[in-house]
Amino acid sequence: MAEKRVILLIEDERTISNFICRALNANDYKAIAAGTGKEGVSLFFSHQPDLVLLDLGLPDMDGLEVLEQLSGLPRETPVLIISARDRETEKVKALDMGAEDYIVKPFGVSELLARIRGTLRRADRVRLNQGSAKSRYQVKDLTVDAARHQVFVGEEEVHFTQNEFKILELLCAHSGKVLTYDFILEHVWGPYGGSSNQILRVNMANIRRKLKENPSEPRYILTELGIGYRMLEDS
Ligand code: CA
């Protein structure tokens, strides 16, 4: 039998913590719970979990501070943020600081498990591909060939401007993960590009038009309101 994957939960609300731990243990994960940021950091180092579920509103320290103490380690552990609905700015900050994804309270078990599966899958994929930049991405019937600078939907080639192509390639390389506006702007236009969300939105509208995306039923790219964009994964 495969070893159970260990998930560290840092959450101070006992009802939520109990609910999550029960769900994790019932689904073949090993859950470890911490009620404070300090305890969470200490359990992180003693148990070396495969994934961390981190609530941003903790009694003793700021969730972002916890995130800072957990990052920059030799073995990168994905962190999934548990966020309250009114903490939009913190959520974006956490993602920009390297958190993998987020889930908004209140959430159900199936949504939580789906987010955990996706996050672990991406972390495994990153570990496997480490050091080898991919030159070809496949998302559903979309193929992005980075080396040849070509994009196909099915058999049909679609033409993009250089920046549109860069955005598309970036989203494909991180498919399944939400990418913040700042992350995309910095990767496409550079840290001193001085570009705005508006420019990104215009480019994204062009990409979607060329991919013949139906905004109400996107096949490839989801909008995460106030946060950024997410390329859908085959699941
Ligand atoms: Ca809390």
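The values are calculated or read from the model by the stated rules, or taken from the named source; none is laboratory data. None of these values were measured; they are calculated from a predicted model. Neighbour counts are summed over all protein chains in view; Cβ atoms, including those assigned to glycine, are modelled from backbone coordinates with ideal geometry.
The table for this structure:
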quantity: Which listed residue, of Leu9, Leu54, is touching a Ser or Thr at 6+ places or on another chain (Cβ under 8 Å), more than 25 Å from Asn129 (Cα to Cα) and in a strand (DSSP E or B); calculated: Leu9
quantity: Odd one out for Thr15 among (1) in a helix (DSSP H, G or I); (2) crowded, with 16+ Cβ neighbours inside 10 Å; calculated: (2)
quantity: Positions within region 82-98 being of a type in the set (A, V, I, L, M, F, W, C) and within 16 Å of the ligand (Cβ to nearest atom), in sequence order; calculated: Ile82, Ala84, Ala94
quantity: Residue in region 191-203 that is loosely packed, with under 15 Cβ neighbours inside 10 Å and on the phi > 0 side of the Ramachandran plot present; calculated: yes
quantity: Failed condition for Pro74, given (1) at pLDDT below 95; (2) part of a strand (DSSP E or B); (3) not hydrophobic (A, V, I, L, M, F, W, C); calculated: (2)
quantity: Selection count, region 204-232, where residues are assigned to a helix (DSSP H, G or I), surrounded by fewer than 16 Cβ atoms within 10 Å (Cβ to Cβ) and not aliphatic (A, V, I, L, M); calculated: 2
quantity: Positions within region 121-149 being of a type in the set (D, E, K, R) and not in a strand (DSSP E or B), in sequence order; calculated: Arg121, Arg122, Asp124, Arg125, Arg127, Lys134, Lys140, Asp141, Arg148
quantity: Tyr137 within 16 Å of the ligand (Cβ to nearest atom) and in contact (Cβ under 8 Å) with a residue 24 or more places away in the chain; calculated: no
quantity: Qualifying residue in region 50-72 (condition: under 30 Å from Met231 (Cβ atoms), away from the ligand (no atom under 16 Å from the Cβ) and in contact (Cβ under 8 Å) with a residue 60 or more places away in the chain); calculated: yes
quantity: Of all residues in region 1-49 being among the β-branched types (Val, Ile, Thr) and within 14 Å of the ligand (Cβ to nearest atom), the one that is farthest from the chain's Cα centre (by Cα); calculated: Thr15
quantity: Criterion (more than 16 Å from the ligand (Cβ to nearest atom), at pLDDT 95 or above and part of a loop (DSSP other than H, G, I, E, B)) met by exactly one of Phe152, Phe165, Phe160; calculated: Phe160
quantity: Matching residues, region 142-181, being more than 18 Å from Ala205 (Cβ to Cβ) and free of Cβ contacts under 8 Å to residues at least 24 places away in the same chain; calculated: Thr143, Asp145, Ala146, Ala147, Arg148, His149, Gln150, Phe152, Gly154, Glu155, Glu156, Glu157
